Structure formats: structure tokens, C-alpha cells
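Asker: Let me give you the structure first, and then I'll get to my questions.
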Amino acid sequence: MSAQTPILETKDLRCVFTVRQGLFKAKKPLAAVNGVSLQVRKGEILGLVGESGCGKSTLAKILLGLQDPTAGALLIDGKPSSSFSRIDIARRVQPIFQDPFSSLNPRKTIGDIISLPLRVHKLARRDEIRPKVLDIMDLCGLSKRFYESYPNQLSGGQRQRVAIARALIMRPELVICDEPTSALDVSVQSQILNLLTDLQKELNLTYILISHNLAVVEHMATHVAVMYLGRLVEQAPTDELFRNPRHPYTRALLDSVLTPEPGMGVPDSQLGAAFPNPIDPPRGCTFHPRCPKAMDICKQAAPTPIVSGAGADYDMVECHLYGPQEARAA
Ligand code: SF4
């Protein structure tokens, strides 16, 4: 158990978009993030998993200050995010996106790209910029000869190292890694994951790791949050979650890794129905049409989260199969 204040915490965070649907283009609400409460402490790696369209990317944008939530609270070091300026948030929280090919400006040199945050936020004198950039390039395994190169002169793995260096030049506490290796060749994926692991230890970083690759999450994360249709349905320390998945959706995700074509989408043949339309989600537990364990109550009432533990032992499941007694015993 840890009494340490989370670096980042969300409480009942919601983000609802209005979309137009149907013949008459009627306006309908789409809850991309629907009451998410999570916390991550210094040195932890929170793995965030779920199928495409479950709300992971919208949640990441809110955490980065790129999308305003509709409701709920976002706390940084225990204080409301609204009490921090954009520059304060940028110094604390930085992203690494999945596609280094599109996230780097092709007309700028590597030195310009990595130093941009320092120059935009006026965090270094002119004569300090080059040494700082070379320092972080070295830390990220990039030769200094790339300083004057352009992105198209680098390999995919080298470009992702540039993206990592650009994120770390601000010396953030928390890095949000959104599918950091999914656009790379398999041969370089492990190099980038090893680099992220080494940097996390060396700089005492905290990560939120969004990944469709459960093997990566199992290898790197200290704890895992599973997202379905905008809600977190299970959170647990990584060993616990992989050894004893409790929510039927988590079990389906882990089983899907064992199918001939593993991917983040759970094959509908393994479940009772297709992924539902988020504009018109099922009543009760939104997973009930696909759930092999659904009961009558699941069609009527949404389950509430059963929470136990704290810090790295933080533990939550949201399913009618569990009450406070069975939550971890099952
Ligand atoms: Fe399945 Fe019911 Fe649990 Fe939902 S609440 S996951 S339908 S058992």
C-alpha cells in the first residue's frame, strides 16, 4: 500500500460528443469516456488496454490537455489540472505517439524537432539548446551526426527515438505512450520497448502505456486498466490481472491472444454478439450482449465498481458477478 499522492488522477471523468445519425441527421450523444476514475503514481507504468473505439485515445487526449472533459476531475499532483498553466502541464506530461512518420515535421532538422518544446516554452537560452539536445539524443541512442539530418534520412526506429527525445527534452514526470511501437517493424519494436524501459528506470519516469499488444503490457506495466465502451471495467496489478482476470471482458481479451490471428479486437465468434454501436449502447451492463456469463440483472442495471487496495495494489472490477467479498477472492 502506498500513501504517495498520485502524479495523475481522474475522478469520474466524462467526455460526451454530439454526433448526427440517421435519415434526419438527429443529434445523439456519444459518451467516448464515461466515468473513468484512475490513478498513477511516480515510477508506475499503467497499461491501458481495450478494443478500438473503446475511448482510449480520447482519454489520452484529455490527460494531455488536448481535449476538455465534459465532466469529472483531472488532478495533477493532487491539484485540479485547471490550476496549472499549459506550460506547467507540458513540463509534467508529454506524449509519444504511435506514428513517427507523421508526427515529425519533414522540413525541420532533427535538432530543430527535438528542441522545439524548449524554444516554444522559452525553457533554455540559445547557447544551452544544442548541448541539451545532444544530451537527450545520446540518452535515446541517437548519434549526434543526426542533429542536422531530416526525418526522411532516418529509419523508422530512429524516427521513434527522435519522437521519444522530443518528449523527454522537457524532462516530464509522466509520459503517455500511445501505441509506441505499433507502426514499426517487428525487428525494431523490441529495441524501442527496451529503450523505454531503460529510460523509465534511469529518469524515474512514470508511463501510461496504451497498447493493443497484451504481451507488451504484461512485460512492461506495473498495473493494468481495461476499458470497454468508455468505462474502466477492471484494474489490477499486472501479475494479478494476467493470472486471474475477473471481468468476463478481460478474460475474452486474454483468450483472444491465443486465437490464430491475435489482435486487440475480440473475435465475435468468441462472444455472443458484435461490438455494440457506442451511440446506442446496450442497457444495463453494456457488455451483456457479448458476455458468456450474463444474468437477468445484467440487462437491467449497470454494475458499480468494487474497489479495494491502494497505490500499486489498487484493484477494481465492475461486474455483477462480484460483490465486495468476491472481488479479489474469485
Ligand atoms: Fe457479464 Fe453481467 Fe458482468 Fe456485465 S455485469 S460483465 S453482463 S456478468
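The values are calculated or read from the model by the stated rules, or taken from the named source; none is laboratory data. Note that the structure is a prediction, hence the values are computed from the model and not measured. Virtual Cβ from ideal backbone geometry, glycine too; neighbours counted across all protein chains shown. Side chains are part of the model used for accessible areas, which takes the heavy atoms of the whole protein and leaves out ligands, DNA and RNA. Shrake-Rupley method; radii C 1.70, N 1.55, O 1.52, S 1.80 Å.
Asker: Going 7 Å from the Cα of residue 112 in the Cα-to-Cβ direction, what parts of the range 131-149 have a backbone nitrogen less than 11 Å from that spot?
Answerer: 149
Asker: In addition: So what's the range 39-87 giving for Rg/Rh, alpha carbon basis, Kirkwood Rh from the mean inverse pair distance?
Answerer: My calculation of the ratio gives 0.97.
Asker: Same structure, new question: Quick check for you: with a 1.4 Å probe and neighbouring chains kept, what is the accessible area per residue of the chain, in Å²?
Answerer: Computed with neighbouring chains in place, this is 48 Å² per residue.
Asker: For the chain, which whole percent of the accessible surface, found with a 1.4 angstrom probe, sits on carbon and sulfur atoms?
Answerer: 51
Asker: What's the Kirkwood radius of the range 87-236 in Å, using all Cα pairs?
Answerer: It works out to 16.0 Å.
Asker: Give the Cα extents of the range 102-164 along the principal axes, in whole Å, largest first.
Answerer: 31, 21, 17
Asker: For residue 185 and residue 12 in one chain, what is 0.36 nm times their gap in residues minus the Cα-Cα distance, to one decimal in nm?
Answerer: That pair, residue 185 and residue 12, stretches by 58.5 nm at full extension.
Asker: Just to be sure I understand: of the beta bridges DSSP finds with both ends in the chain, what percent are antiparallel, rounded to 5?
Answerer: 65
Asker: For the range 195-261, just list the percent of Cα-Cα distances falling in each 5 Å bin from zero outward, please.
Answerer: 3, 15, 26, 25, 15, 10, 6, 1
Asker: Further question: Consider a paramagnetic label point 7 Å from the Cα of residue 66 along Cα→Cβ; state which residues of the range 201-245 have an amide N under 14 Å from it.
Answerer: What the label zone holds, given the 14 Å backbone N cut-off, is 210.
Asker: Once amide H atoms are built 1.01 Å from N in the peptide plane, which residues 5 or more positions from residue 315, or in another chain, come under 5 Å H to H?
Answerer: 308
Asker: Moving to a separate point now. Run the helix sum for the chain: -39,500 (n - 2.57) per DSSP H stretch of 4+ residues, divided by residue count, reported at 222 nm to the nearest 500 deg cm²/dmol.
Answerer: Taking each H run of at least 4 residues, the total per residue is -8500 deg cm²/dmol.
Asker: Stokes-Einstein D for the chain at 10 °C, 1.306 mPa s, Kirkwood Rh over Cα pairs, in µm²/s?
Answerer: 76
Asker: Taking Cα pairs under 8 Å and at least six residues apart, what relative contact order does the chain come out at, in percent?
Answerer: 21
Asker: On to the next question. For the chain, take the longest principal axis of its alpha carbons; what is the angle in degrees between that and the long axis of helix 186-202, to the nearest 10 within 0 to 90?
Answerer: 80
Asker: What's the magnitude of the charge dipole for the chain around its Cα centre, counting Lys and Arg as +1 and Asp and Glu as -1 at the beta-carbon? Answer in Debye, nearest 20.
Answerer: The calculation lands at about 1240 debye.
Asker: Angle, helix 110-120 long axis vs. longest principal axis of the chain, Cα atoms, 0 to 90°, nearest 10?
Answerer: Once rounded, one gets 80 degrees.
Asker: Throw me the Rg/Rh for the range 141-186, computed over C-alpha atoms with Kirkwood Rh, two decimals.
Answerer: Ratio of gyration radius to Kirkwood radius for the range 141-186: 0.98.
Asker: Peptides 288-296, 229-237: what's the order by average Cβ count within 10 Å, highest mean first?
Answerer: Answer by packing, highest mean first, reads 229-237, 288-296.
Asker: Further question on the same structure: Using the per-residue mean of other Cβ atoms lying within 10 Å as a proxy for protection, in what order, highest first, do the peptides 125-133, 219-227, 149-157 fall?
Answerer: My ranking of the peptides, most packed first, is 219-227, 149-157, 125-133.
Asker: Scattering from the C-alpha atoms of the range 58-173 alone, worked out with Debye: what is log10 I(q)/I(0) at q = 0.17, 0.22 1/Å?
Answerer: For the range 58-173 at q = 0.17, 0.22 Å⁻¹, log10 I(q)/I(0) is -0.85, -1.20.
Asker: On a straight-distance basis, which lysines could pair with residue 42 in a cross-link, Cα separation under 23 angstrom, same-chain partners fewer than 8 positions away excluded?
Answerer: Output for residue 42: 11, 56, 61, 79, 201.
Asker: Normalised radius of gyration for the range 1-93, please: alpha carbon Rg relative to 2.2 N^0.38 Å, two decimal places.
Answerer: Working it through for the range 1-93, the quotient is 1.23.
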